[in-house]
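K.L.:
There's a structure below that I have some questions on.
Nothing in this text is a laboratory measurement; each read-out follows from the coordinates by a stated rule. All figures in this text were calculated on a predicted structure; none of them were measured in a lab. Counting neighbours? That spans all protein chains shown, and the Cβs are built from the backbone with ideal geometry, glycine included.
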Amino acid sequence: MRRVRFAPSPTGTLHVGNALTAVLNRRLGEQLLLRIDDTDPARNVPGGEEALLADLDWLGVQWDEGPLRQSERADAYRAAAEQLGRDRFDGITLLRADGTATYHLASVVDDAEFEITHVIRGNDHRPNEALHRRLHEALGTRPPEYVHHGLILGPDGKKLSKRAEGATVASLRSEGIPAAAVRAYLEELGLPKHDVHLDLARIRRLAVDAIGAMQDAELANAAGVPAEVVPALRGARNLVEAREYARIVLEPDEADVDAPETMRRFAELWSNGTSDPREVLRELKAVGGDLHALRLALTGRDRGPELWAVLAALPREEALRRARAAL
Ligand code: GLU
């Protein structure tokens, strides 16, 4: 049984690099423990754990055990330090002056006690492997296998700051990237041996694919809009744009439209039972109809979803009402 753990510090929303670690653990582990590494008060931010769980939930990464909080395991760490007979080891601090354990001791003790067989984490922890092995040896516990993966760096090849564009799961979500696209991006990185550069252009293309692959109800739910309006969202490149498209259809702006002939012809064609909006628009254009004026009458805006999609999303009566109101 491959037992793994994902062990973030509760520093708030997930960094994409941490999200990669989470996805890798989920994929390679059979039993996944979620461990919250909260022994360092300086790194804990209020609401950090909730933000983290919300991000994992949004990404669809499920765990089998936990969350296990290291802050609740002080006794186990103290016992280990006692067993070692010191609070320093190999030149590093195991227990702080206030008696709380540092990352190294807490991590090794927990990996042993929770019978973790594979530690999968970022390359930044590679330098810790030797120390962690020696700690296991000193404690008489069996070290897990260590697997270190490449980090996600900024497009400039430097460490990706949480403030950088697209660096956190939360920022991708608020940009309207569907969870499936973030997940697909992380899955396609596989287990990178070397560091990779964050490829936002790739993530945005995957967002288009993910939206294209969604069923109507799924898309309505992801965008948080009524299902009827979904036909108008189909050309949107992300969920923010999808919401904007929905608003354009559902809450038209006022606009001055001076194209009575177009409105009359449209009303005629659209009330005469033709059910294909593309067909109606073709016919309207063929008789010299002003499609831009029709867009303005229907949405009050110059731009937005394709016009046929607006018609597909609007109840026929409502489209006719808006066209007549523009007369
Ligand atoms: N809390 C550590 C981190 O966030 C965990 C490292 C590990 O997986 O051992 O980087």
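K.L.:
How are the Cα pair distances of the chain distributed, in percent, across 10 Å bins from 0?
P.N.:
Going from the shortest bin to the longest, the percentages are 5, 21, 23, 16, 12, 10, 7, 4, 1, 0.
K.L.:
Another question about this same structure. Over region 1-114, what relative contact order in percent results from Cα pairs under 8 Å that are six or more residues apart?
P.N.:
Taking the mean separation of contacting Cα pairs over the length of region 1-114, I get 25 percent.
K.L.:
Continuing with the same structure: For region 70-191, what is the relative contact order in percent, using Cα pairs closer than 8 Å and at least 6 residues apart in sequence?
P.N.:
Computed over region 70-191, the figure is 17 percent.
K.L.:
Only loop residues by DSSP count here, and only those with at most 14 other Cβ atoms within 10 Å; note down the chymotrypsin sites (Phe, Trp or Tyr not before Pro) in region 1-70 that meet that.
P.N.:
When the chymotrypsin sites (Phe, Trp or Tyr not before Pro) of region 1-70 are filtered for loop state and at most 14 Cβ neighbours within 10 Å, nothing remains.
K.L.:
So, one more: Taking Cα pairs under 8 Å and at least six residues apart, what relative contact order does the chain come out at, in percent?
P.N.:
Rounded, it is 14 percent for the chain.
K.L.:
Test of the criteria: in region 223-327, which trypsin sites (Lys or Arg not before Pro) are in a DSSP loop and have at most 12 other Cβ atoms within 10 angstrom of their Cβ?
P.N.:
Passing both the DSSP loop test and the Cβ count: Arg303.
K.L.:
Of Leu219, Ala138, Pro127, which is farthest towards the positive pole of the chain's charge dipole, taken about the Cα centre with +1 and -1 on the beta-carbons of Lys, Arg and Asp, Glu respectively?
P.N.:
The residue sitting most towards the positive pole is Pro127.
K.L.:
Within 10 Å of each candidate Cβ there may be at most 13 other Cβ atoms; applying that plus a DSSP loop requirement, which GluC sites (Glu not before Pro) in region 227-261 survive?
P.N.:
Loop-located and lightly packed - Glu254.
K.L.:
Inverting the mean 1/r over all pairs of different Cα atoms, compute the Kirkwood radius of region 135-270 and quote it in Å.
P.N.:
About 18.5 Å, per the Kirkwood formula over Cα pairs.
K.L.:
Shifting gears a bit: Work through the residues other than Arg303 whose Cβ is under 12 Å from its Cβ and net out their charges, Lys, Arg +1 and Asp, Glu -1.
P.N.:
Residues close to Arg303 contribute a combined charge of -3.
K.L.:
Among Thr262, Thr102, which comes first, second and so on when ranked by fewest other beta-carbon atoms within 10 Å?
P.N.:
Neighbour counts put them in this order, fewest first: Thr102, Thr262.
K.L.:
Going by a ≥ b ≥ c, the root eigenvalues of the Cα gyration tensor, does region 154-207 fall in the rounded group (a/c under 1.5), the prolate group (a/b larger than b/c) or the oblate group?
P.N.:
oblate
K.L.:
Per 5 Å bin, what percent of the C-alpha pairs of region 67-160 does each bin hold, from zero upward?
P.N.:
Calculated over all Cα pairs of region 67-160, the distribution is 2, 13, 23, 21, 18, 11, 7, 4, 1, 0 percent.
K.L.:
Name the long-range amide H neighbours of His149: under 5 Å, sequence gap of 5 or more, or other chain; modelled H, no Pro or chain starts.
P.N.:
Excluding prolines and chain starts, which carry no amide H, the hits are Arg121, Gly122, Asn123.
K.L.:
Taking the Cβ-Cβ separation of Asp302 and Glu279 as r and a Förster radius of 35 Å, what is the calculated FRET efficiency to the nearest 0.05?
P.N.:
The value I calculate is 0.90.
K.L.:
Here's another thing I want to ask about it. Could you work out [θ]222 nm for the chain from helices alone, using -39500 (n - 2.57) per DSSP H run of at least four and dividing by all its residues? Round to the nearest 500 deg cm²/dmol.
P.N.:
Value at 222 nm, helices only, nearest 500: -14500 deg cm²/dmol.
K.L.:
Would you list, by chain and number, the lysines whose Cα falls below 19 Å from the Cα of Lys193, excluding same-chain residues fewer than 8 positions away?
P.N.:
Lys158, Lys159
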